[in-house]
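Here is the structure we will look at, set down as C-alpha cells.
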Protein chains: 2
Amino acid sequence: MENYINIIYNPQKNDWKELLRGKNGQTDKTNENGVKLILKNIMESGDKALLSYVKIFDNINIKASELVVSEKEFEEATSKISNELSYAINCAISNVKKFHTAQKSPDISVETMPGVTCRQKSIPIGKVGLYIPGGTAPLFSTVIMLAVPAKLAGCKEIVLCTPVNKEGKIAPEVLYCAKLCGVDKVYRVGGPAAIAAMAYGTESIPKVDKIFGPGNSYVTIAKQLISNDICAIDMPAGPSEVMILADDSANAQFICADFLAQLEHGNDSQAVLATTSPSLAKQVQSLLKEQIEELSRKGYIYESLKKSRIVVLSSAEELAEIANEYAPEHLIICTENYRELAEEIENAGSIFLGNYSTESAGDYASGTNHTLPTGGWAQSYSGVNLQSFTKKITIQEITKEGLKNIGKIIQTMAYAEGLDAHAKSVSIRMEE
Amino acid sequence: MENYINIIYNPQKNDWKELLRGKNGQTDKTNENGVKLILKNIMESGDKALLSYVKIFDNINIKASELVVSEKEFEEATSKISNELSYAINCAISNVKKFHTAQKSPDISVETMPGVTCRQKSIPIGKVGLYIPGGTAPLFSTVIMLAVPAKLAGCKEIVLCTPVNKEGKIAPEVLYCAKLCGVDKVYRVGGPAAIAAMAYGTESIPKVDKIFGPGNSYVTIAKQLISNDICAIDMPAGPSEVMILADDSANAQFICADFLAQLEHGNDSQAVLATTSPSLAKQVQSLLKEQIEELSRKGYIYESLKKSRIVVLSSAEELAEIANEYAPEHLIICTENYRELAEEIENAGSIFLGNYSTESAGDYASGTNHTLPTGGWAQSYSGVNLQSFTKKITIQEITKEGLKNIGKIIQTMAYAEGLDAHAKSVSIRMEE
C-alpha cells in the first residue's frame, strides 16, 4: 500500500516557507465582493436583510423575534446534556477560569518626575460579540474559550451568534455552555451576516465593540472588513494547524495520533512533523495508514493530508528555526530536551511540552485558550487571553509643582515641532 | 466680532453621536484603489516601484542605496540639536522609559489540576516598523513614543520610515531621537509606499512583523489593507481629537489653550468642550478669539474649528456619559471632583486630570504614550504600550499522572464534538 504522505529530507532553508505555507498569502479574497454586499445590506436594512440571509444561508424561515434563543430552549438544551458531559464541561470551565484569572494585570502608577504621576488601568470592553461556527461539529469548546475570559474581564454585554445545524437547531451543548459561562443572549444566525449584525447592530441584535471567534473564509473576510470600519476583532483567523518537533526519544504512536487529530478539523487543516530522526519519520509515515482506519472523519483527513508535511532536519537548532519560520498555531515539542528547545521558540500560538501534553488537552480542558493565531500570524499576535477583552487607559495627574518641573521640557519640544499652541498651553499655566 | 464657534445647549442624547462624530464612518475609503495599486506594485517590484513612488510623492530622485540614512547624516543631525533641546528630549525619553518599564508583565504559571501546568510568557515581536509622517511638523516626539517601548520590549530589529521635508531632508530632530532610542535603520520614504515596503519587504527595506505610527488617510488605508494580508498594525489611526470636561471650578484660559493646542495639529483635528457651566462656555468662546491671535498655525485652527464643539450639559453624570459615548483619544477633566468623574470613564485613550495636567504633557514628556486610538476606537483599543511590542505565548506541560486526571474530561468533550481523532490522541497515551 502506498504512503499517504512523503518524507522530505533536509530541505533548503530558503524553501521552508513555500514548502510549509505555499505560494499564496494568508487570506483568500475571492469572495470579498459578495461579503461586502452582505455587510452593506445589513448595515442599511438591519433585520430585514439579516432575515433574508438567514433564510438563504442557514435555511430557516423565521421572524425577527425568533432570532434570539428563548429561555425554554436553554432549558431543553440543559436537559439533553449527560451527567458525564456536564461534569467534563464544568471541569474545563474551572481550568480555563483558573488560568485566565491569573492573567489579570494590576493597575500601574509611576511618579516619573516629582509631581508627575502616570497611571495605566485595565477596563473591560463594554459589549463583545462571540461567533461560533456551525460547520461539521458543535464547537461548544469555543464557547468556553471565549465566554469565560469575557465574563472574567467584566464585559457588560456578551452576545453570541451561531448558525443552526441541518436539523434547524443549535446544538444543545453550545446553548448549555453559553448559559453556564454567562453569555447574555444567543442569536441563531451564521456566516458574514452574523458578523455584520454584531458590527453594525440591527433592530434585534446589539452593536458590539469587538467580535471574537473562528469561522470559514467568508467569516474571516467579514471580520477583516468590519475591523477596518467600525468594530475591533480578536485576530485574523484561518485554518487550524499544528507543528510537531520530535527526535528519537519521541513516541511515534503519540505523534501520529496528534498529527491526525489536527487533520480531522477540516479539509484545509495542516499538520507538520519536523524531526531529527529519519526512523521516527518513517514510523509515523507508516502508522498513519493504520491509525487513520479507526477514525470517523477520514474524508477530511485524506484531504488535509495533501497540505501536510513530514520533514527530516539535521539538528535541534534547525527544529527551532523551522518552528520560528512557520510560526505555528500549535507547537508540540517531543524531544529529550524539550524545555530547552521551548526556550528557543519565539513564534507560536501555544506550545505543548513532552510526550503527555497532547494538543487535545489545550483544545478542551487544560486551561489555556484554544483561539490562537494561524497562518503565521503568531509572529505578531497573541492568542485570545484575558487582556483581549480589556483595553488599557492611561491617566496622568500633574500638580502645580509638577508642571514647574516638566513645563520647560514640554515647551522646548513643542517649539521644536513648530507647535506653539502646545507650548502656550504650558506657559499660560506656568505664568498664572 | 463674530464668534468662531457656537455653544450648543443641552443637545438630546440621541443626537450626541452625530453632533460629535458626524454622519459618516471612521475611515474615508475614497482613495482605497489608488493605495491598493501602490501596495501591489511594491509587493511585486520591490525597490524599483518604491523608488518611483519616492520620486513622485516625496519629490526626490535617489538610488536604492540612498534610501537608508547614513552614519554621516546621523552625525550631522546630532550636531544640529541645541543643548536645550537635547536635554528636553533626554528627559522625555527617561520618563517614557520609566512608565513603560513598569508595564512589563510577569510570566504566569498555574497548575490548573495536579500534573497540568499552564504558562503564559511574553515574547518581543521580532521585527517592527515605525512610521513617522512628514507633514507640517517634524514629529520627533512620535519617534520617542514608538522606539522607546520597542527597544524596552526587546524587539530585535527596529526600522523607521519617514519622508523628507520640502528641503529634501529628514528633520535632524527625528534622526537624533531615532539614534538615541535605538532605531536600527532609518529609510527616507513616506506615505503608503513606506507602509508597503515594510509590510512586504523590498531589496533595501526589511519586511517587518508589525507596523506602528500615525499618518494621513492614505497611510491609514495602507495600514488597514496590509493588516488584512501580511503584517499586523498598532491600531486604526485617524485625525487627533480632545474632549474637555469642565465645570465652574475650571480655568477658562487653560481650557481655551488646550482646545487650541488640539486644533493646531491639522485641518481635520477636533476639540470638544463639554461643560456644566454656561458661563465657562461663554468665556472660552470669547477667549478663543483672543488666544488664536498669538498663534502661528491659525490656518489649521480656523479649519479645524468647524468640526469642533462647545456643549453645555446639565450634570456631571452627563459629562461622563458624553465622554463614554464619544470615546475620545484625549480626555481632559477639569472639574472639582475630577478623580471621581475619572472613575466613571470607560472609553478614552488617555486622561488628563485637573487644572495642571495639560494634554501637551502627555504629548511630549510625562511618560504616557501619545499614540492613541482615535475616531471612537478607544471603545475597544488601547493606546500603544509596552505590550503592543510583544505577543503572549501559552505553554503547557502535562505529566503522565496529569493526563490521568484530565484525560477522561478531554475524551468526553472530544466525542461530544464528534472529533474522535482528538479523543484517540488521549486514549493512545492513557493505554500505554
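The values are calculated or read from the model by the stated rules, or taken from the named source; none is laboratory data. For clarity, every value in this text was computed on a predicted model and none was experimentally measured. Note that each Cβ is placed from the backbone with ideal geometry, even for glycine, and that neighbours are counted across all protein chains shown. Ligands, DNA and RNA are stripped out before the accessible areas are found, and what is left, the full protein with its side chains, is counted by its heavy atoms. Shrake-Rupley method; radii C 1.70, N 1.55, O 1.52, S 1.80 Å.
One table, with the values for the structure above:
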read-out	value
Which numbered condition A:His370 misses (of (1) more than 7 Å from every other protein chain (Cβ to nearest Cβ); (2) not in a loop (DSSP other than H, G, I, E, B))	(2)
Selected residue [touching a strand residue (DSSP E or B) at 6+ places or on another chain (Cβ under 9 Å) and of a type outside the set (D, E, K, R)] from A:Gln411, A:Gln396	A:Gln396
Residues of the stretch B:202-224 satisfying the condition of being among the small types (Gly, Ala, Ser) and within 12 Å of chain A (Cβ to nearest Cβ)	B:Ala222
Looking only at the stretch A:215-228, and only at residues there that are of a type in the set (Ser, Thr, Tyr) and open to solvent by 20 Å² or more (accessible area, probe 1.4 Å), the one that is nearest to the chain's Cα centre (by Cα)	A:Ser217
Single residue of B:Thr220, B:Thr276 found to be in contact with an Asp or Glu (Cβ under 7 Å, 6 or more places away or on another chain), of a type outside the set (Phe, Trp, Tyr) and farther than 21 Å from B:Tyr364 by Cα	B:Thr276
The stretch A:375-389: number of residues that are over 21 Å from B:Pro124 (Cβ atoms) and surrounded by fewer than 24 Cβ atoms within 10 Å (Cβ to Cβ)	0
Flag for A:Val284 being under 21 Å from B:Glu432 (Cβ atoms), more than 9 Å from chain B (Cβ to nearest Cβ) and open to solvent by less than 30 Å² (accessible area, probe 1.4 Å)	yes
Some residue of the stretch B:377-390 being assigned to a loop (DSSP other than H, G, I, E, B), in contact (Cβ under 8 Å) with a residue 24 or more places away in the chain, more than 7 Å from chain A (Cβ to nearest Cβ) and in contact with a Lys or Arg (Cβ under 7 Å, 6 or more places away or on another chain)	no
Tally of residues being surrounded by 24 or more Cβ atoms within 10 Å (Cβ to Cβ) and on the phi < 0 side of the Ramachandran plot across the stretch B:188-214	18
Which numbered condition A:Ala323 fails, given (1) closer than 16 Å to B:Ile123 by Cα; (2) within 11 Å of chain B (Cβ to nearest Cβ)	(2)
Residue list for the stretch B:43-58, restricted to those being of a type outside the set (D, E, K, R) and touching a strand residue (DSSP E or B) at 6+ places or on another chain (Cβ under 8 Å)	B:Val54
Matching residues, the stretch B:136-151, being under 9 Å from B:Val174 (Cβ atoms) and either open to solvent by 10 Å² or more (accessible area, probe 1.4 Å) or not in a helix (DSSP H, G or I) (or both)	B:Pro138, B:Leu139
The one condition in (1) outside any loop (DSSP other than H, G, I, E, B); (2) surrounded by fewer than 24 Cβ atoms within 10 Å (Cβ to Cβ); (3) within 14 Å of another protein chain (Cβ to nearest Cβ) that A:Cys177 fails to fulfil	(2)
Unique residue being surrounded by fewer than 23 Cβ atoms within 10 Å (Cβ to Cβ), more than 8 Å from every other protein chain (Cβ to nearest Cβ) and touching a helix residue (DSSP H, G or I) at 6+ places or on another chain (Cβ under 9 Å) when the list is A:Leu341, A:Leu353	A:Leu341
Residue satisfying all of: in the stretch B:229-252; under 21 Å from the mean Cα position of the chain (by Cα), more than 12 Å from chain A (Cβ to nearest Cβ) and outside any loop (DSSP other than H, G, I, E, B); surrounded by the most Cβ atoms within 10 Å (Cβ to Cβ) among these	B:Glu241
Residue in the stretch B:261-276 that is open to solvent by 40 Å² or more (accessible area, probe 1.4 Å), more than 28 Å from B:Glu32 (Cβ to Cβ) and either more than 9 Å from chain A (Cβ to nearest Cβ) or free of Cβ contacts under 8 Å to residues at least 60 places away in the same chain (or both) present	yes
Hey, B:Ile255 assigned to a helix (DSSP H, G or I), open to solvent by less than 10 Å² (accessible area, probe 1.4 Å), within 14 Å of chain A (Cβ to nearest Cβ) and touching a strand residue (DSSP E or B) at 6+ places or on another chain (Cβ under 8 Å) or not	yes
Count - residues of the stretch A:391-432 that are open to solvent by less than 20 Å² (accessible area, probe 1.4 Å) and outside any helix (DSSP H, G or I)	8
Candidate set: the stretch B:391-430, residues that are more than 7 Å from every other protein chain (Cβ to nearest Cβ) and of a type in the set (A, V, I, L, M, F, W, C); chosen: the one nearest to A:Ser357 (Cα to Cα)	B:Met430
A:Lys166 being basic (Lys, Arg) and either more than 22 Å from A:Ile125 (Cβ to Cβ) or touching a helix residue (DSSP H, G or I) at 6+ places or on another chain (Cβ under 8 Å) (or both)	yes
So A:Gln285, is it touching a strand residue (DSSP E or B) at 6+ places or on another chain (Cβ under 7 Å) and polar (S, T, N, Q)	yes
